[in-house]
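Structure, as structure tokens:
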Amino acid sequence: MADTAARLYLITPVLDDAAFAPRLAEACATGAVAAVLLRLASADERGLTNLVKALAPAAQEHGAAVIVASEAKADLANVAARGGADGVHVSGDAARLRELRERLKSERTIGVGAIRTKDDAMSLGEAGADYLLFGEPRPDGSLPSLDSVVERASWWAEIFETPCVAYAPSLDAVETVAATNAEFVALGDAVWSHPDGPAAAVKTALDILERQEASR
């Protein structure tokens, strides 16, 4: 069981320019966001590196770690290192994960998502992932059922030491997802499309996590 309240992990839309930086800064301005996953549109390595350089400070200046992901064929390890990101995030591929772990050592975080089965999750944990992400949007925008995410995150958090992130598809789902004892609760569109802005969404999520922790 987690000893402290879950922390927030934000997932951006797929980005192809730096126009998102002000919204990113607004979301992270509370200083309570643990990490941000920058989902970057396909581009060459130089383009991705420049985009990370332009976006990362908006989160890092408020204490959030910046993790980068992209479907591009570019070398993510180089993009992270040259762009100043704190880590990389890849889909569930144990061979790729091992290769990244060998190259990055412990210098940068390596996260993994798109995990299909429990066996895959265990293989990825053994391959050196720093965290596993359950329930994030699929490439077509669809989501796994909330029940399946809760079941998978609860199972992982109870048995394994490697931290996990559980995706909440809405602010209403934050309490349910946090009850899995996942170390991090992920939010995406629920933050970026909030009618009162990203900061209001983050504050609401933090209030929910703090109330839940106080009631334990």
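The values are calculated or read from the model by the stated rules, or taken from the named source; none is laboratory data. Because the structure is a prediction, the values reported are computed rather than measured. Note: ideal-geometry Cβ built from the backbone for every residue, glycine included; neighbour counts use all protein chains shown. Keep in mind that these areas ignore ligands, DNA and RNA; they rest on the heavy atoms of the full protein, side chains included. Shrake-Rupley method; radii C 1.70, N 1.55, O 1.52, S 1.80 Å.
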(request) Extending each Cα 7 Å along its Cβ direction at K73 and S215, get the distance between those two points in nm, one decimal. (result) 5.1
(request) Find the relative contact order for the chain and round it to a whole percent, using C-alpha pairs within less than 8 Å whose residues are 6+ positions apart. (result) 20
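Please give the per residue accessible area of region 163-207, computed with a probe of 1.4 Å over protein heavy atoms only, in Å². Can you show the working numbers first?
On the way: 1570 Å² over 45 residues.
Ligands and nucleic acids excluded, the figure is 35 Å² per residue.
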(message) Please compute the per residue accessible area over region 34-92 with all protein chains in place, 1.4 Å probe, rounded to a whole number of Å².
(response) 39
(request) On a C-alpha basis, how far is the centre of region 70-100 from the centre of region 113-133 in Å? Whole number, if you could? (result) 15
(request) Find out how many positive minus negative residues lie around G111, taking Lys and Arg as positive, Asp and Glu as negative, among other residues whose Cβ is under 11 Å from that of G111. (result) -2
(message) Can you return the aspartates and glutamates within cross-link range of K203? Criterion is Cα-Cα under 17 Å, with same-chain partners fewer than 8 residues away left out.
(response) E26, D172, E175, D189, E213
(message) For a distance above 14 Å, tell me the whole-number percent of Cα pairs in region 173-216 that qualify.
(response) 47
(request) With only alpha-carbon atoms counted, please give the Rg and Dmax of region 109-200, in Å. (result) 13.1, 42
(request) Two decimals is fine: what is log10 I(q)/I(0) at q = 0.17, 0.22, 0.23 Å⁻¹ for region 83-159, from a Debye sum with one equal scatterer on every Cα and no solvent? (result) -0.66, -1.01, -1.07
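With the contact rule set at Cα under 8 Å and sequence spacing of 6 or more, what percent relative contact order holds for region 96-209? Walk me through the numbers on the way to the answer.
Working: 164 pairs, mean separation 20.6, N = 114.
Relative CO of region 96-209 lands at 18 percent.
Give me the net charge for the shell around A166: Cβ to Cβ below 15 angstrom, other residues only, Lys and Arg +1, Asp and Glu -1.
-4
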(request) Report the extension gain between T30 and S91 in nm, rounded to one decimal, defined as 0.36 nm multiplied by the number of residues separating them, less their alpha carbon distance. (result) 19.0 nm
(message) Contact order normalised by length for region 1-53, with contacts defined as Cα pairs under 8 Å and 6 or more residues apart; what percent is it?
(response) 47
(request) Rounded to the nearest 0.05, what FRET efficiency do S106 and D44 give with R0 = 22 Å and r taken as the Cβ-Cβ distance? Could you check? (result) 0.20
